[in-house]
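Have a look at the structure below, then the notes.
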Amino acid sequence: MAASSTGRPHTRNSSRVTERENRRLPPGPKGRVRNLVRRTTGYSRLLTRLHEEYGDIVYFELPGAGFCVVYSPELIEEVLVTREPEFPTIDFASQSDLVEFAPLTSQNGESHRLRYPIMESAFAGDRMVAYSEIILREALRLREKCRPDTVVDIQDELANYAWACIIGSYLGRDVDFPYAVGKRVVAYLRLHMMLQFLPGTRLLASLPLPTLVKGARASKALDELIYAAIRRAKEDPSHDGHDVVSHFVRAGDQGIVEWTFANDRAIRDEVLVLCGYVDGPIGALTLAVYYLGSNPAVRERLEREVDEVAGGRPIDVADFDRLTYVQAFCRELLRIDPPTYVSLPKVTAEDLTLGGYCIPKGTLMHTAPKVVGRRAEYWDDPDAFRPERWLIDPRPGCPPCPAHSYVPFGSGPHTCIGGGLATRMIVYGVATLAQRLRLDPQSDRIPEVSNVGATVLGRTPVAVKARG
């Protein structure tokens, strides 16, 4: 085991590997092809098993790449925060023709520092208020579509809701983009990301695979909407500008930031990548329905709070801070089933040591928020769904959890910039539905989530009932 007798990793202070240092790799399973099969057919099970078998830091190889996964708050903090420059993010743009300009998620060092303010200000202040208004409007539409005494595939309805929220916030509240087309865009982006970890990337990406062909068409349709939003932001002074694209276009002239995008293509690339994260909120909202259905006491308390806060009127923007139990429900949901099983990979810039082991240059580094979010060392009754635990002190890093044992949106300089928007989509969506309806899943099993991304697999039928 890589852990000590206390279950915690042996962490060394020095970061650089020298000839005198121990050059052992972390423990892990052998066999590149076998590891590839296990990764692609059951990644979540593999990650859990790796931690159980090898400890807090695990190394394994796939054809063409070495991977390291860390499972403890201490090591997660090193990778994402204290030693973050040693683990730069990957520039997918250099490996794929999908984007020409690397998005913020692929930037490091000074480039990231310069670009971060324009992204941070896009999801803050009055803009978040404007996005919240769009979310609440779409939440009411979602509730109207879920008619009592019917059975619906709730993931489809929630996907329509999530896409409407994202497109409205990014491109403008009057822009429409069908979920069916958006679904192909996400699959297209995800497949491109998967191909980055395999040999012959450009050859594989050029093959006429159905997902790539349909995704390319869907991406083109989204491109047309993005470029139209850019033109409107530039040419229509009457447009209110309460969308991400308008902020990207106008922020420099308005004196909000110093750095601005080089051209329209750079804005398009950034927005396209942002849209690719929509499957996180869709998956979380779908799972939320199942956790409410399987925890009657939680559902009753959540409904009671919604009634006390809003009564019979629609939820409004100011209710967010008053919906403390709904927020606790959201935090517990993201603890027990975070948007992804592992973080987007970083890469070691050179040979270094971590947890007392040598990590070779070029290793793809993952953190595992789902595993650490269920560890008994850090959480009381970790497999129980108990939103009440967050009412002790709801701030991440405070009781009941130590710092970096709760990282659904990452941590450090590359924390997910859209985490606040996603949280509001969950809180407002759940509260608006709970105000009038109960959604009873037709299966007692929590849905399975895709090995790549956060897509819930299979149909998700629920019976819609009006609250008495």
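List of remarks:
- Square roots of 5 times each gyration tensor eigenvalue, C-alpha, the stretch 26-66, largest first, Å: 16, 13, 7
- Most to least accessible of Arg38, Arg147 (protein chains only, probe 1.4 Å): Arg147, Arg38
- Each peptide among 133-142, 353-362, 113-122 gets the average number of other Cβ atoms lying within 10 Å of its residues, and from highest to lowest they stand as 133-142, 353-362, 113-122.
- Beta bridge orientation in the chain: antiparallel %, DSSP, nearest 5: 85 percent
- Per-residue ellipticity at 222 nm computed for the chain from its helices equals -15000 deg cm²/dmol, with DSSP H segments shorter than 4 residues left out and the rest contributing -39,500 (n - 2.57).
- Computed accessible area, Tyr179, all protein chains, 1.4 angstrom probe, square angstrom: 40 Å²
- Each listed q (0.34 Å⁻¹) maps to a log10 I(q)/I(0) for the stretch 49-89, found by the Debye formula over equal Cα scatterers with no solvent: -1.06.
- The string of couplings for the stretch 266-275 from the Karplus curve (6.51, -1.76, 1.60, θ = phi - 60°) is 5, 5, 4, 4, 5, 5, 4, 5, 4, 4 Hz, one whole number per residue in order, with x for Gly and Pro.
- For the chain: relative contact order, % (alpha-carbon pairs under 8 angstrom, 6 or more apart): 25 percent
- Å³ per residue enclosed by the Cα convex hull of the chain: 147 Å³
- When Glu258, Glu303 are compared by accessible area at a 1.4 angstrom probe, the order from most to least is Glu258, Glu303.
- Averaging 1/r over each pair of different alpha-carbon atoms in the stretch 312-468 and inverting the result gives 17.9 Å, the Kirkwood hydrodynamic radius.
- Size descriptors for the stretch 128-168, from the alpha-carbon set: Rg then Dmax equal 10.9, 35 Å.
- Using heavy atoms of the protein chains and a probe of 1.4 Å, the accessible area assigned to Cys330 is about 0 Å².
- Ligands, DNA and RNA excluded, the heavy atoms of Ser44 present near 30 Å² of accessible surface to a 1.4 Å solvent probe.
- Stokes-Einstein D in µm²/s, Kirkwood radius over Cα pairs - the stretch 68-141 at 10 °C with 1.306 mPa s viscosity: 103 µm²/s
- Among 436-448, 409-421, the order from most to least packed when residues are scored by Cβ within 10 Å on average: 409-421, 436-448
- Stokes-Einstein diffusion of the stretch 311-401 at 25 °C, 0.890 mPa s viscosity, Kirkwood radius from Cα pairs, rounded to a whole number: 155 µm²/s.
- Put simply, the amide H of Leu354, placed in the peptide plane, has neighbours under 5 Å in Ile359, leaving out anything fewer than 5 places away on its chain.
- Proximal charge balance of Arg322 [Cβ under 9 Å; K/R count +1, D/E count -1]: -4
The values are calculated or read from the model by the stated rules, or taken from the named source; none is laboratory data. Note that the coordinates shown come from a computational prediction; the quantities given were computed from them, not determined experimentally. Heads up, the Cβs are rebuilt from the backbone with ideal geometry, glycines too, and the neighbour counts pull from every protein chain shown. For the accessible areas, the whole protein counts, side chains as well, though only heavy atoms, and no ligand, DNA or RNA atoms are used. Shrake-Rupley method; radii C 1.70, N 1.55, O 1.52, S 1.80 Å.
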